[in-house]
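Inspection log for the structure reproduced underneath, given as structure tokens.
Any read-out appearing in this document is the output of simple, stated calculations on the displayed coordinates, not a laboratory observation. In this text, all values refer to a predicted model and were calculated from it rather than measured experimentally. In this analysis, Cβ positions are derived from the backbone assuming ideal geometry, glycine residues included, and neighbour counts consider all displayed protein chains.
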Amino acid sequence: MEQNAIYELLAGVLGDGALGYNEHALEPWADVAPARIAEACRFLRDDPRLGFDQLMCLSGLDWDGFDETGKGKSTAILGYTDDGKPETSDRVGTGELGVAYHLYSHALRHKFTLRVRVPRDAATVPTVGGVWSTAQWHEREAWDLLGITFAGHPDLRRMLLDDEWVGHPLRKDYVMPDTWSGVPLQGQPYCANPFPVETGGPDQPAGDQPAEG
Amino acid sequence: MKLMYDFFTGQLGLDATGANISVASVMAVIMFTVMALCAIVLTWMERKVAGFMQSRYGPMYTGRFHGWAQAVADMLKILGKEDIIPAESDKGLFKFAPILVLLGSLLAWAAIPWAPDFVAADFDLGLFYIFAVSSLVVIGILMAGWASNNKWALYGAARGAAQMISYEIPLALAAVPVVMRAGSLNPSDIVIAQQGGIWHWNINPITNPFLFIAFFMYFIASIAETNRGPFDMPETESELVAGYHTEYTGMRFAFFFLAEYANLFLVSMIAAMVFLGGWWAPIPVLDRFIPPALSFIIKGMLLVFLNMWVRWTLPRVRVDQLMHLCWKVMIPVSLLCVVGAGVWMMALGQLK
Amino acid sequence: MASESTRVNVPGAVSGNGWHDQDHVPGIKSELLELNMGPQHPATHGVLRLLLQTDGEIVYKVTPVLGYLHRCAEKIAEGVNYKQWVVYTDRFDYLAPMCCNHAYVTAVEKLMGQEVPERAEHIRVAVAELSRIASHLIALATFGLDMGAWTPLLYCFREREEILNLLERISGGRMLYNYMIPGGVRYDVPNDNWVADVLDFVDLMEHNKLPEYNTLLTYNKIFIERTADVGVIDAATALDYGCTGPVLRGSGVDFDCRRDDPYSVYHKFDWQVQVGRGEMGTLGDCWDRYIVRAREIEQSCRLIRQALQQLPEGSYQALALKAIVKAPAGAAYTRVESAKGELGHYIISDGGQTAFRNKVRSPSFCNLQVVEKVGVGQMVSDLVALVGSLDIVLGEIDR
């Protein structure tokens, strides 16, 4: 089914819960009101015309500092300084958080993308773990790394990080701690190339020229 | 034995008690040496067999020729290892368990008749004694698992106890028809009853087909009794880490290791003794040229090889399937063998 | 980590098995045994930790605890540019890095709208399928090892060694290749008879080695006893838990990204998607998942043969090696069929050289979740079989 036709069906059910349809050449998506997302997902799964039986991916997003103009000038994330200390910044993150849902129907072979955006200080989205069980771990991961709370999730614990970890590292304003459990954390600045070479790489076989283009 | 006894009484002038004690001591030393030696040889052999099965070489460097000294080097290394006793373990039992496991198989070695009149403890209940003392191993395993205070070890011990106790039944039952045929529990008598070449061995299916079946019952049960694949429930290294000896290190671990191979060799020797004619060569003429002990050990080694072959070929069964096999298949079949062999022998007038 | 108070009603936690926490035997107080399987355990294929609650041999609750191999790959993706991040994809599924490379460069190319030369795509298919064979070999080998069969492990590693040698000759790396770049591959096919050697290997693999594994392991009676009817994942559960790849196909769902969501040049070749058929027991048991992998090796051999026999002439890179890659603003979710299942990248670009967000949907992560449901009520040995048959790799789960 065409993407906008799917959106029409969805908007028909959600009413004002469907916030808009974004036509994009690569991947159109529908914006949904956060509070209605579980309802939307349930409809998309259960309606025989849609039949989205697989949640391919659930991604937590942080839109803080995103360059809307498309020039690639988004605020850089904080890394490490040259001496291996975590970079700090006075900037306080203001952008919204979001969740993207990528659905697929095995029977009807079509895809659809939903997105929600929630304010940073009240980042709560209803869980869709009751619709697709696979969402539970994805949501735990989104909670762990981005601090998005999923209301109604049965087991919202940290997924990849330790239970005692402070903060949510995938947020754009996340500052790495100096130490953790008494262990000093050391890093390297991103993009520091230890092998600055003129052409090719150090492991480039002889006589193998890069192609034109 | 007679010769040795005569040597002690005649040449050294000892009285009967002194001579008996001396003979026993000499035999004990010999048995222990042979046992340690065979564990080393079998370790090396297992590696080479495994390598052969798995299209690789196995040890190749230590000692130049096909890594023959690898097992020796490993033993030396293991002697130098730190002896760790877990803090929360039951220390007394923890220390005693490996000794008990080793003791179980070592005691059974005493009653193996290596050659005519060359057996450490030649007594009439020999076969019964062998099965009885080798059951000590299960107590050792249970002790080790319990004393380690480790859940995996406990699992291994519980599985091991269930398995070994169960499989002792078909193991012993399989030997009963042989006892009936030989009319004796004395290992030497059982071997002597098979004199006269391969046709007179107990395994011959024409003489008595039930004995032939009993041999396979014995062989399968003996694999389970030695805790080797595909029945290595107490260890199951992919499930229980290392089973009952998870917490053991150094020399104590080596004791378990030693006991495993001593046990392997022991059950193979018993099979050779009970079913494959013990020290008799396949053709009576050869008895003049091949020393009886050599003939006996070759048979034992062939069975050990078979055992290793099975281990490196088959996947492991699950613990409930193992029990199913024992109680629902092997014990009935073994019982059938006992009854069938008896009827067969009565019908043909072979009973003694 | 999981205390009782924080765990509420996880689907799959069974209460109706006749278990009453106390008075299991009247008069004797008993409780479930908490068992820590992992992070250092031979059957967890890495640093997975399974928190079990068992009653003797029966498992009552499985709680996977992840994160022992977390390397912040997604955070790093926001700090390095597109080409620099290829090297991190190697580290996801380190048993099939070419597939991971392929997934990432496909995603970036889709975002860039970059055309890839035909020759490069053929090379990519060939190396990705070689990588898939290597990964499936490990899956078969370690699954056999979980079942206590040692010898197939060594046999499979022997063949994997050949694949590593072949991939080393084309990429320079034995395990982590960093071979594909957006717009092509890093090096052309070496001119030392590589293609002929690969074709020889593929023939050997298909006609000689696979039958050997089948005789030794696949149709072994004990192996079938251990795996048939064990760890049954039905199709509905598999879809619900987002299982993909051989796990999904083992449950009888006929789906393969290579065929049904085409990417690269897979549509040009003649091959079949392998689906579990419940031959030895219930559909979706461990044996089905095993046999799907074994048969996929065969199909990969066919793909490699076709990709290399039809290898077109021409360039193998659309962009110069040094060129800085920029993707126009936008977002796209791209998935490919990696060795373990559907490996997806959700990349949001703000128009610069660096991804604004790069979410990796790793197949093992989703496949593993199903043990919370299916592992319950099994024996400990069967849980080992189940985890083995899911063929997880922790580099991909923890990222």
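The largest-to-smallest principal axis extents of the Cα set in the stretch A:95-145 are 39, 20, 16 Å. Reducing the stretch B:114-186 and the stretch C:47-118 to their Cα centroids gives an inter-centroid distance of 51 Å.
A Cβ-based charge dipole, computed about the Cα centre of the protein assembly as shown with Lys and Arg at +1 and Asp and Glu at -1, lands at about 1620 debye. Comparing B:Glu235, B:Glu168, B:Glu82 in a Gaussian network model of chain B, where Cα atoms under 10 Å apart are tied by springs, the biggest mean-square fluctuation is seen for B:Glu82.
Expressed per residue, the C-alpha convex hull volume of chain C stands at 137 Å³.
Using r as the Cβ-Cβ distance of B:Ala16 and C:Asn208, and R0 as 51 Å, what FRET efficiency do you calculate, to the nearest 0.05? Efficiency computed from Cβ-Cβ geometry: 0.15. With θ taken as phi - 60° and the Karplus curve 6.51 cos²θ - 1.76 cosθ + 1.60 applied, the whole-hertz 3J(HN,Hα) list for the stretch B:312-320 is 8, 10, 9, x, 8, 7, 7, 5, 6 Hz, x standing for glycine and proline. Between C:Trp194 and C:Asp234, full extension at 0.36 nm per residue minus the direct alpha carbon distance yields a gain of 10.2 nm.
As a size descriptor, the averaged projected area of the C-alpha convex hull of the stretch B:1-80 was calculated at 7.9 nm².
So what's the convex hull volume per residue for the Cα atoms of the stretch B:287-352, in Å³?
Numbers: hull volume 9.8 nm³, N = 66.
Enclosed volume per residue, from the Cα hull, is 149 Å³.
Once the Cβ-Cβ distance between C:Glu115 and B:Val310 is put in as r, and R0 is 56 Å, what FRET efficiency do you end up with, to the nearest 0.05? Each step should come with its number before you reach the end.
On the way: r = 58 Å, r/R0 = 1.04.
According to the calculation, E is roughly 0.45.
The order of C:Ile138, C:Ile58, C:Ile304, going from fewest to most other C-beta atoms within 10 Å of their C-beta, is C:Ile58, C:Ile138, C:Ile304.
Model label sites at A:Leu185 and B:Phe96, defined 7 Å from Cα along the beta-carbon direction, differ in position by 5.2 nm.
With each run of n ≥ 4 DSSP H residues scored as -39500 (n - 2.57), what mean residue ellipticity at 222 nm is computed for the protein assembly as shown after dividing by its residue count and rounding to the nearest 500 deg cm²/dmol?
Working: 32 runs with 417 residues, N = 964.
Taking each H run of at least 4 residues, the total per residue is -13500 deg cm²/dmol.
Identify the residues of the stretch C:341-368 with backbone N under 13 Å of a label point that sits 7 angstrom from the Cα of A:Leu26 along the Cα-to-Cβ direction, or state none. The answer is C:345-359. Return the FRET efficiency for the residue pair B:Ala36, B:Met4: r is the Cβ-Cβ distance, R0 is 22 Å, and the value is rounded to the nearest 0.05. It comes to 0.55. Mind checking the angle between helix C:97-112 and chain C's longest principal axis? C-alpha axes, 0 to 90 degrees, to the nearest 10. In chain C, helix C:97-112 runs at an angle near 60 degrees to the longest axis.
Considering only B:Leu12, B:Ala50, B:Leu37, and ranking their Cα positions along the charge dipole of the stretch B:1-80 that arises from unit charges at the beta-carbon of Lys, Arg, Asp and Glu, the one farthest toward the positive end is B:Ala50. What's the angle, to the nearest 10 degrees (0 to 90), between helix A:135-146's Cα axis and the longest principal axis of chain A? With both axes taken from Cα atoms, the answer is about 40 degrees.
For B:Lys299, the lysines whose Cα comes closer than 20 Å to its Cα, not counting residues fewer than 8 places off in the same chain, are B:Lys48. Taking the inverse of the mean 1/r over every pair of distinct Cα atoms in chain A gives a Kirkwood hydrodynamic radius of 19.9 Å.
How big is the shadow of the Cα convex hull of the protein assembly as shown, averaged over all directions, in nm²?
Details: hull surface 191.3 nm².
Mean orientational projected area (the protein assembly as shown, Cα hull): 47.8 nm².
The stretch C:326-377 and the stretch B:33-90 have Cα centres lying 47 Å from one another. Of the peptides B:26-35, B:83-92, C:35-44, C:77-86, the ranking by mean beta-carbon count within 10 Å, highest at the top, reads C:77-86, C:35-44, B:26-35, B:83-92. So how far apart, in nm, are the two label points at B:Met60 and A:Lys71 if each is 7 Å from Cα heading toward Cβ? Going by the 7 Å Cα→Cβ label model, 6.5 nm. Within 10 Å of the Cβ of each residue in C:226-237, the mean number of Cβ atoms contributed by other protein chains is 1. With neighbours defined as other Cβ atoms within 10 Å of a residue's Cβ, the residues A:Thr94, C:Thr244, B:Thr226, B:Thr246 order from fewest to most as A:Thr94, B:Thr246, B:Thr226, C:Thr244. For the stretch B:223-248 and the stretch C:271-309, what is the separation of their C-alpha centers, rounded to whole Å? What the calculation gives is 33 Å, centre to centre.
State to the nearest 20 debye the size of the charge dipole of the stretch B:82-348 about its Cα centre, where the only charges are +1 on K and R beta carbons and -1 on D and E beta carbons.
Numbers: 13 positive and 18 negative charges, 98 e Å.
My answer is approximately 480 debye.
The angle between the Cα long axis of helix C:194-204 and the longest principal axis of the Cα atoms of chain C comes to about 30 degrees, rounded to the nearest 10.
Order of B:Val285, B:Val133, C:Val185 from fewest to most other C-beta atoms within 10 Å?
Working: B:Val285 9, B:Val133 18, C:Val185 27.
In increasing order of surrounding Cβ atoms, one gets B:Val285, B:Val133, C:Val185.
Each residue, B:Asp122 and A:Lys85, gets one label point 7 Å from its Cα in the Cβ direction; the gap between the two is 8.9 nm.
Using only side-chain charges placed at the Cβ, +1 for Lys and Arg and -1 for Asp and Glu, the dipole size of the stretch B:270-336 relative to its Cα centre rounds to 180 debye.
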